[in-house]
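Everything on this sheet refers to the single structure shown next.
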Protein chains: 2
Amino acid sequence: MSAVDKAFHGLRHMIATGRLGAGQRIPPEGELCEELGVSRGSLREAVRMLAALGVIEPRHGSGTYVSPLRPEDVIGSLSLTLELLPLTGLLEVYEIRRVLEAHVAAQAAARCTPEEVGTLFALIEAMEATDDPTKASELDHRFHSEIARIGGNPTLASLLSVFRARSRKYQVFTLPEGPELRRKSDEDHRVLATAIADHDPVAAAGAAQAHVAQTERWLRAFMPPVEEDSVEADSVREDGNAS
Amino acid sequence: MSAVDKAFHGLRHMIATGRLGAGQRIPPEGELCEELGVSRGSLREAVRMLAALGVIEPRHGSGTYVSPLRPEDVIGSLSLTLELLPLTGLLEVYEIRRVLEAHVAAQAAARCTPEEVGTLFALIEAMEATDDPTKASELDHRFHSEIARIGGNPTLASLLSVFRARSRKYQVFTLPEGPELRRKSDEDHRVLATAIADHDPVAAAGAAQAHVAQTERWLRAFMPPVEEDSVEADSVREDGNAS
DNA sequence: GGCCCGGAGTCATCTGATGACTTTTCTCTG
DNA sequence: CAGAGAAAAGTCATCAGATGACTCCGGGCC
């Protein structure tokens, strides 16, 4: 077992066994190095691994703390890498979204309060009122997140949030067909929110599934290019190396 | 932005834009340090982060390679941390499992071939034939993984595999009530496999959901203690502290 | 009492050196 | 010429030391 692995599993074991509890500050680097028998460099690499996985959180100048270990802390680490998956993976994610969004919609229909229904319709109206595609996409995300929250399962809500973030990279609303798509999307939202307000889980599940499926079809049809940062001209194409 | 963040996002950007493709070897540490403007230590921490997330894989003496970027590569990183979640998180995971297992069962019922049905029943018979709880748990995992595979969505299959691994930590079959639970579990498996063999998605979904719900009830009822010392490489034998 | 400042504690980063492992290349032998 | 073995190059793994940056707290000053 390598030194970094030793430090990684040692730290993970301390957390799993409760010796280091959620939110607690872990011992300083020096002490951990001595206890785990590795150098500071190796320990720091292990700490970075756990930080990337959302388990611990170093704070410059203060110390390193165990995360609250809530589901979103751990699942959120997926958002950094999910968008690296190829396109076939994205379509598979949509199938999962269909199923889970339908489930949370049904749960929300069974559990929602009048205040929560009001929030949903307020988001819909804000969505219909804006012309900014970016803002509309943001509100769309909040609308679905609110439904997931009402569903009552934070783990599921954070998982869906990650999946939606991956989909949002492709901004269908900025296409020439965007306004038309948005109008249909708004209709879907009203159908979904109405079903939830009526406490009709079956209708809500159906509406949610249809909505996701519609988005997926649009994506398949148009497949806009994704641009995530500055567009660097591929001047560096050193494909002809010595191999 | 810190040096490690600079290296992390720089590497991630190279992969996202395709400059570093799946399976490809990335430049050696020295070159990347110069290009990204960070020291070797910082670069190595960034590499470790991406490795923890399943995106790249360093090979001692050979180089560092981009992973195949298959869904299981990225989702598998969750398995290292999901078991750190508190118990409430586990129960939420069970709700997700209920929904997704039902879905893959329905998909499998719609898509399965006679050969795949044969595999399922062979696994059931092997499960019923063994007395070893550990082996039974292993076969149970393979049975459900096979159904998920037949379902046709590798991303979903790997996600469910991670969720099941979390549940398997609690070995209900080793309890005093284990044999009784196993008998009922075997019945569930036969019902599920029969529904799949009959190409009856509705029955398959219902059977899968009921099976997961049953397991969840057992876990709530007995809640056996978790023992996680699966790694026997006790190179650190100085753990005999005051804990 | 409130504000400013300095010191202790901690993480962040860099540099240099050495060891371990893999892959390639070359030489020697048959 | 072919093959096996050794040598060499390339790369990651690990350690040690030093310095900088940041946070937090407490004491001194107004």
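All of the numbers you see were taken from the coordinates with simple rules; none came from a lab. Computed from a prediction, not measured in an experiment: that's the story for all the values here. Here Cβ is always computed from backbone atoms with ideal geometry, including for glycine, and neighbour counts include all displayed protein chains.
Mind checking the dipole of the range A:75-222: about its Cα centre, +1 per Lys or Arg Cβ, -1 per Asp or Glu Cβ, Debye to the nearest 20? Walk me through the numbers before you get to the answer.
On the way: 16 positive and 21 negative charges, 91 e Å.
So the dipole magnitude of the range A:75-222 works out to roughly 440 debye.
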Over all residues in B:4-10, what is the mean tally of Cβ atoms on other chains that come within 10 Å of each residue's Cβ?
-> 1
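Take the alpha carbon gyration tensor of the range A:1-144, find the square roots of its eigenvalues, order them as a ≥ b ≥ c, and report rounded if a/c is under 1.5; if not, report prolate when a/b exceeds b/c, else oblate. Write down the numbers at each step before the final one.
Details: a/c = 2.62, a/b = 2.24, b/c = 1.17.
Since a/c reaches 1.5 and a/b is larger than b/c, the shape of the range A:1-144 is classed as prolate.
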Set of lysines with alpha-carbon distance to A:LYS169 below 28 Å, sequence-local pairs under 8 removed | A:LYS135, A:LYS184, B:LYS6
Using the C-alpha atoms of chain B, what convex hull volume per residue, in cubic angstrom, is computed?
-> 188
From the phi of every residue in the range B:144-161, what ³J(HN,Hα) in whole Hz does the Karplus formula 6.51 cos²θ - 1.76 cosθ + 1.60 yield, where θ is phi - 60° and glycine or proline is x?
-> 5, 5, 5, 4, 4, 5, 4, x, x, 10, x, 4, 5, 4, 5, 4, 5, 4
What is the range B:3-69's relative contact order, in percent, from Cα pairs under 8 angstrom and six or more apart in sequence?
-> 40
Sequence-distant or interchain residues sharing an amide H contact under 5 Å with B:ILE56, placed H: which?
-> B:ALA51, B:SER67
Calculate how large, on average over all directions, the projected area of the Cα convex hull of the range A:3-68 is; give the answer in nm² to one decimal.
-> 3.8
Of A:LEU90, B:LEU100, how do they rank once you tally other Cβ atoms within 10 Å and put the fewest first?
-> A:LEU90, B:LEU100
Other protein chain Cβ atoms within 10 Å, averaged over every residue that makes up B:157-165 = 1
Tell me what the protein assembly as shown gives for mean residue ellipticity at 222 nm when only DSSP H runs of n ≥ 4 count, each as -39,500 (n - 2.57), the sum divided by the residue total, rounded to 500 deg cm²/dmol.
-> -21500 deg cm²/dmol
Residue span B:ARG25 to B:THR113: 0.36 nm per residue of separation minus Cα-Cα distance leaves a gain in nm of 27.8 nm
Given R₀ = 41 Å, FRET efficiency for A:THR174-B:THR134 by Cβ-Cβ distance, to 0.05?
-> 0.15
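What ranking, highest mean first, results for peptides A:188-195, B:101-108 when packing means the other Cβ atoms within 10 Å averaged over each residue?
The densest-packed peptide leads the list: B:101-108, A:188-195.
Would you list B:TYR65, A:TYR94, A:TYR170 from fewest to most Cβ contacts within 10 Å?
By the 10 Å Cβ count, ascending, the order reads B:TYR65, A:TYR170, A:TYR94.
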Placing a label point 7 Å from Cα toward Cβ, how far apart in nm is A:PRO179 from its equivalents in the other copies, listed shortest first to one decimal?
-> 7.4
Contact order relative to length of the range A:1-156, as percent, for alpha carbon pairs under 8 angstrom and 6 or more apart = 19
With +1 on each Lys and Arg Cβ and -1 on each Asp and Glu Cβ, how big is the dipole of the protein assembly as shown about its Cα centre, in debye rounded to the nearest 20?
-> 280
For A:LEU91, which inter-copy label distances result when the label point lies 7 Å beyond Cα on the Cα-to-Cβ vector, reported in nm to one decimal and in ascending order?
-> 4.0
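Can you tell me the relative contact order of the range A:75-222? Whole percent, Cα pairs under 8 Å, sequence separation 6 or more.
Numbers: 164 pairs, mean separation 60.5, N = 148.
Taking the mean separation of contacting Cα pairs over the length of the range A:75-222, I get 41 percent.
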Förster radius 45 Å - calculated FRET efficiency between A:GLU187 and A:GLU34 (Cβ-Cβ, nearest 0.05) | 0.10
Built amide H within the under 5 Å cut-off of B:THR64, gap 5+ | B:ILE26, B:ARG59
